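Read the figures in this text as sums done on the coordinates, not as results from a lab. Everything numeric in this text was worked out from a predicted model, so none of it was measured. Cβ: placed from backbone, ideal geometry, glycine included. Neighbour counts: every protein chain shown.
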Amino acid sequence: MSKNNEHSPNPGPLSGIRVLDLSSVVMGPFATQMLADLGADVIKVEPPAGDGMRKVGPMVHDDMGALYLHLNRNKRSVVLDLKTEQGRKACLALAKTVDIFLYNVRPQAMARLGLSYEEVAAENPAIVYVGAYGFGNDGPYAGKPAYDDLIQGMTGIPVLYEKNSGDEPRYTPLTLADRTIGLQVAIACLAGVLQSKMSGKGQSIEIPMFEGMAQFVLGDHLGGKTFVPSQGDMGYARLLAHHRKPYKTRDGYISVLIYNDKHWKGFLTLINREDLLEGSIFSTHTVRAENIGDVYSFVAQVLESNSSQYWLNLLANADIPAAPLYSVEDLLEDPHLKAVSQVVEMDHPTEGRIRTPGTLGTYSKTPLKIYRHAPNLGEHTEEVLKESGLDQSLLDELIKNERKWAR
């Protein structure tokens with residue numbers, strides 16, 4: 001089935017699950033786009049000014065930036081001013097109709113809006129109320145501002161780069177924290193809905209960025225501090241080795257991972273160094289790990305002796321993991337990604353022909369697809385509010401306000 005079938009029902013495995021998404025920027029919208037791709041009906045609630053990510057170019061028209069387009073397809077957009085009583089009432093009316101209520105501001109801010117868990121659950125006791133923000137509400141950092149760069153910095157990622165390369169600390173050139181914790185947010189939403197469907201009672205869930213990325217980093221780098229008393233320094237030596245990077249060849253770079261005993265036997269045989277199979281730093285996995293810097297340095301020296309294609313062919317024939325080094329531009333031409341439609345083209349009603357990442361994975365009975373374009377600001381306000389059962393006079397006032405903001 002096509003992954004690009006605009007305006008037809010989504011048959012995905014979450015069909016029938018409804019999400020009220022008050023989040024913005026990357027983390028929350030990334031989580032809810034995954035749910036939307038899986039078939040959930042995601043209602044994106046935006047303030048009159050819209051999600052700030054709408055403003056980040058490149059773009060064809062105002063308020064439809066490229067990143068916004070890649071984070072908000074398969075959703076419906078509703079404009080509500082939650083600082084007004086009318087907006088609050090409308091939000092609570094929508095909350096009655098959904099399974100998941102997601103927000104990414106501090107809980108105290110939600111309470112000031114009259115949208116605390118207690119107030120929302122009073123309208124819908126089965127609701128799964130998910131807060132995704134910087135720091136857990138029980139710790140001393142509660143309420144502090146948090147963005148991807150700050151969380152990367154606080155969880156040691158820039159310093160890991162420094163240790164690995166000897167260069168100055170630097171951030172990963174991805175919204176790594178937002179997207180990593182966005183995955184955790186999506187999992188939490190699904191776990192909460194599963195429990196709610198079984199028990200009939202919802203709950204409040206908190207997914208903090210700092211704690212989540214600390215878990216992510218420490219899982220690799222607790223090292224000797226895993227044990228009490230300590231058995232050495234922190235850090236996973238293989239990941240921190242200076243030569244753990246794409247290997248330079250005679251005419252470029254390639255990615256190679258000679259990992260297990262079988263790989264090393266094959267590699268040392270290929271380069272006519274069978275003499276190193278026994279009694280050397282290459283002999284066992286444990287010994288290699290203890291000397292990982294020297295091991296990677298050896299491979300680096302060897303691979304510089306010939307061309308990238310020479311090594312890719314030779315290593316493939318020996319069943320040793322190796323791959324070309326791509327630029328991000330190369331992803332658009334990769335034959336595998338093309339074959340599985342991981343980058344698709346679709347027509348957007350206002351932005352024209354666009355290219356976007358496709359849905360992920362295949363489901364034999366509930367196939368996934370892009371069935372709705374990333375919405376213009378407030379595109380579905382009237383449609384969604386009419387579904388909520390609002391009092392007609394309040395509905396008329398809200399629609400009137402939305403049309404005024406649109407001008």
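Observations, loosely collected:
- Integer Hz, Karplus 6.51/-1.76/1.60 couplings in order for the range 58-63, x for Gly and Pro: x, 7, 8, 10, 3, 6
- Phi to ³J(HN,Hα) by Karplus 6.51 cos²θ - 1.76 cosθ + 1.60 over the range 139-146, Hz, x for Gly, Pro: x, x, 8, 3, x, 6, x, 9
- Alpha carbon centroid spacing (whole Å) that separates the range 265-315 from the range 373-392: 61 Å
- Once backbone amide H atoms are built at 1.01 Å from N, VAL130 has PHE101, LEU102, TYR103, ILE205 as its partners under 5 Å, excluding neighbours fewer than 5 places away on the same chain.
- FRET E, pair PHE227, SER283, Förster distance 25 Å, beta-carbon r, rounded to 0.05: 0.45
- Shape class of the range 1-100 from the alpha-carbon gyration tensor: oblate, with a/c at 1.5 or above and b/c at least as large as a/b.
- Approximate spin-label separation SER393-ALA126, in nm, with each point projected 7 Å along Cα-to-Cβ: 3.2 nm
- Overall form of the range 247-324 per C-alpha gyration tensor (a/c, 1.5; a/b vs b/c): prolate
- Bridge type composition, the chain - antiparallel percent by DSSP, nearest 5: 30 percent
- Max mean-square fluctuation residue, GNM over the chain, Cα-Cα springs under 10 Å, options GLY378, GLY219, GLY50: GLY219
- For the pair ARG273 and MET234, a Förster radius of 25 Å applied to the C-beta separation gives a FRET efficiency near 0.15, rounded to the nearest 0.05.
- Measuring r between the beta carbons of LEU331 and GLN195 and using R0 = 45 Å, the FRET efficiency lands at 0.75.
- Simple label model, 7 Å out from Cα along Cβ direction - TRP405 to VAL343, nm: 3.5 nm
- Across the range 201-213, coupling constants 3J(HN,Hα) worked out from phi with the 6.51/-1.76/1.60 Karplus curve, θ = phi - 60°, read 10, x, 6, 9, 10, 10, 10, x, 5, 4, 4, x, 6 Hz, and Gly and Pro carry x.
- Between VAL302 and LEU360, the modelled label-to-label distance comes to 3.4 nm, taking each label 7 Å out from Cα in the direction of the beta carbon.
- Cα-Cα over 23 Å, subset of LYS163/LYS262; LYS163/LYS248; LYS75/LYS96; LYS144/LYS225: LYS163/LYS262; LYS144/LYS225
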